[in-house]
Amino acid sequence: MGDIEKQIEEAKEVIEEDGIVVFPTETAYGIAADATSRVAVEKVYEAKKRPRSKGLTAIVDSMETAERYAELSDREKSYRRVHARTSDTGRREEKFCTG
C-alpha cells in the first residue's frame, strides 16, 4: 500500500470514529467529517470557531442522499445532474445545475 492509500485509510478510520480530518485543496484547507454524526459536526464547528447559528456545507454523492438528510426547496429539487470528468483523476463527478 502506498503513502496516499495509507493516508486515505487512516483518514477513513478517523472519520468512522467521529473525528475530523483536515486536508489541503488547491485554494484552501478542507475539513472532512461524518455529517450524520452530531459529535463530528460539533468538532467541525469547534475547529472552525464557527457560530452554531451558521450552517455548514455538506457534500453528498447524489440528490437522493441530499433529500434523505436535508429539507430541499422546490428550486433545489429541480436541479439536474451534470456529469463532468476531472483532468487529474479521470473519474466521473456529479455536478448539479438548474434547468
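Here the label points at Ser37 and Ile15, each 7 Å from Cα along the C-beta direction, are separated by 1.1 nm in the simple model. Within the stretch 1-59, the percentage of alpha carbon pairs spaced more than 17 angstrom apart rounds to 42%. Restriction of the GluC sites (Glu not before Pro) in the stretch 1-68 to DSSP coil positions whose beta-carbon has at most 12 other beta-carbons within 10 angstrom yields Glu17, Glu26.
Bear in mind that the values in this text are calculations on the coordinates, not laboratory data. The structure presented is a predicted model; accordingly, all values stated were derived computationally and were not measured. Cβ atoms come from the backbone with ideal geometry, glycine included; neighbour counts cover every protein chain shown.
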